[in-house]
Structures are given as C-alpha cells and as structure tokens.
Amino acid sequence: MTLTIAKTILVIGAVAWFIIRWPHQRRSWKTKTRLDRRTTREKILLTCSFTGLGIIPFIYVVSGRPHFSDYPFQPVMAWLGAIIFAVALWLFYRVHKELGRNWSDSLEVREQHKLVTDGLYRHVRHPMYTAFFLWAVAQALLLPNWIAGPAGLVGFGTLFLFRVGREEQMMLDNFGDDYREYMRRTARLIPGIY
Ligand code: SAH
C-alpha cells in the first residue's frame, strides 16, 4: 500500500458511492412529496457534508494540499480504511434498497411514504448515516493529513448533529405512535450503543 493507492481507493469508493446512489436519485426526482422540510438550514448542512467528504479530500488528492498538515503515511491505517470503505459501500447499497422510494437527500415525506422498520432498520433508525460515518472514518484513515483526513467526519458530523433530531421529529409528526414505538426499540447508529 502506498499513498497513491490509498488516494485511488478513496476516489474509487466515492465514484462507487455515486453509482449506487444515481438510480435512487433519479427516481427521487420523480417521486411526489407530501411534506418538504428542505429549508435553507438543510441546504447549508448538505453543503458542509459535501465540502468535508468531497471538495477538501478532492483538493488533497489532486494537489497534496494543504502540505503543512501532512503526517507520515501508515500502510496499516490505509488498509484498515480500505476495509471500512468496503463495508460502508455494502451498507449503503443495502440501505438504499431497503428504503426504496421513501429515500430523499433531505427532510421530506413522500405522498405514499411507508415507515421502514425491517432489514437493517430493525436494528438502527439511521443506517444510512452509519454508512456515511464509516466513509468519513475510512477517509480519515486513508489520507495522512490532519485537515483532509478528518474533514469528512467534521462535515458529515455537522449535518448529522443538526439534522437527526429534526428528522426524528418529522417522522414523529407523520407516523406518531408507530415511530415512537420504533424509537423505543432501536438505537440511532450502532445497535445497542447509540
Ligand atoms: N436517516 C435514515 C434515512 C436517511 S434519508 C438513515 O440514515 O437510514 C432521509 C429521509 O429518509 C427522510 O426524509 C425521511 O423521510 C426518510 N426516513 C428516515 N427514516 C425512515 C424510515 N424508518 N422509514 C421510511 N423513511 C424514513
């Protein structure tokens, strides 16, 4: 494992992520929405996440900048990052399938929205966010740079922190006791832990 290979793995992972999402993204544009909470705040949060997981690592991969925050490359960490990225991709693929038409990249309720509580959703309420966090951890392990590495954790972490409570409130407003009951028996991201 070399730094170039680690960077290539990150790029391949990001492209694979996009390929998995693309058919769902296209379908979501055609799916009618009953309730839209895509506020300016939501758009800012999406930008934070895109900056941390996309723009900053992209700049690092193509230019090596910022140089001042480099630290020595550790092949073992990069291998671990590659494995975690593979798990993240598998999780992302499955969760997208399970969520189906109910998915949207922001806070929305569809016209025929179904509350999904099966499959991975049986164990956690936000498995897609778990997948994003795994991607962010993989990025931190693959890039030996104190800014480009953790940028994904900061960017996506900001989105998660400011979104998750609102998302759950939106689900409570729409599914009432069904979602309340579902919350009682599930964790947010990691079964039995959080
Ligand atoms: N937070 C979830 C879903 C992310 S996509 C996860 O991490 O897996 C965001 C959209 O998914 C929200 O607009 C909401 O309408 C929808 N959603 C969230 N949880 C859901 C569930 N259990 N069943 C159906 N739709 C859900």
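The values are calculated or read from the model by the stated rules, or taken from the named source; none is laboratory data. Because the structure is a prediction, the values reported are computed rather than measured. Here the Cβ positions follow ideal geometry from the backbone for every residue, glycine too, while neighbour counts run over all protein chains shown. We work out accessible area using only protein heavy atoms, side chains counted, and drop any ligands, DNA or RNA first. Shrake-Rupley method; radii C 1.70, N 1.55, O 1.52, S 1.80 Å.
Computed quantities for the displayed model
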{"quantity": "Dipole of the chain, positive direction: furthest Cα of Ile83, Phe160, Ala140, with charges on the beta-carbon", "calculated": "Phe160"}
{"quantity": "Percent carbon-and-sulfur accessible area, region 68-186, ignoring ligands, DNA and RNA, probe 1.4 Å", "calculated": "61"}
{"quantity": "Set of lysines with alpha-carbon distance to Lys43 below 22 Å, sequence-local pairs under 8 removed", "calculated": "Lys30, Lys32"}
{"quantity": "With eigenvalues of the C-alpha gyration tensor scaled by 5 and rooted, the chain, Å", "calculated": "32, 17, 15"}
{"quantity": "Estimated dipole of the chain in Debye, rounded to 20 [Cβ of Lys and Arg +1, of Asp and Glu -1, Cα centre]", "calculated": "440"}
{"quantity": "Selection of GluC sites (Glu not before Pro), region 104-194, meeting DSSP coil and at most 12 other Cβ within 10 Å", "calculated": "Glu111"}
{"quantity": "Potential extension, Ile5-Lys43 segment - 0.36 nm per residue separation minus Cα distance", "calculated": "10.4 nm"}
{"quantity": "Vicinal HN-Hα couplings computed from phi for region 179-188 (Karplus, 6.51 cos²θ - 1.76 cosθ + 1.60; Hz; Gly/Pro x)", "calculated": "6, 4, 5, 4, 5, 5, 9, 10, 8, 7"}
{"quantity": "Positive minus negative residues near Leu134 (Lys, Arg vs Asp, Glu; Cβ under 15 Å)", "calculated": "+2"}
{"quantity": "Nearest-20 debye value, region 1-48 charge dipole, Cβ charges on Lys, Arg, Asp, Glu", "calculated": "380"}
{"quantity": "Residue-level accessible surface for Leu153, protein heavy atoms, 1.4 Å, Å²", "calculated": "60"}
{"quantity": "Within region 94-149: Cβ-based charge dipole about Cα centre, in debye rounded to nearest 20 (Lys, Arg +1; Asp, Glu -1)", "calculated": "180"}
{"quantity": "Cα shape, region 44-112, gyration tensor, a/c 1.5 rule", "calculated": "oblate"}
{"quantity": "Between region 58-113 and region 147-194, the Cα center-to-center distance that results, in Å", "calculated": "17"}
{"quantity": "Region 133-194, Cα convex hull volume normalised per residue, Å³", "calculated": "80"}
{"quantity": "Segments 137-147, 73-83 sorted - mean Cβ within 10 Å per residue, highest first", "calculated": "137-147, 73-83"}
{"quantity": "Long-range amide H partners of Glu108 with built H, under 5 Å", "calculated": "Arg37"}
{"quantity": "For region 1-128, accessible area per residue (1.4 Å probe, heavy atoms of protein chains only), Å²", "calculated": "59"}
{"quantity": "Rounded FRET efficiency, nearest 0.05, which uses the C-beta distance separating Lys30 from Tyr194 and R0 of 35 Å", "calculated": "0.50"}
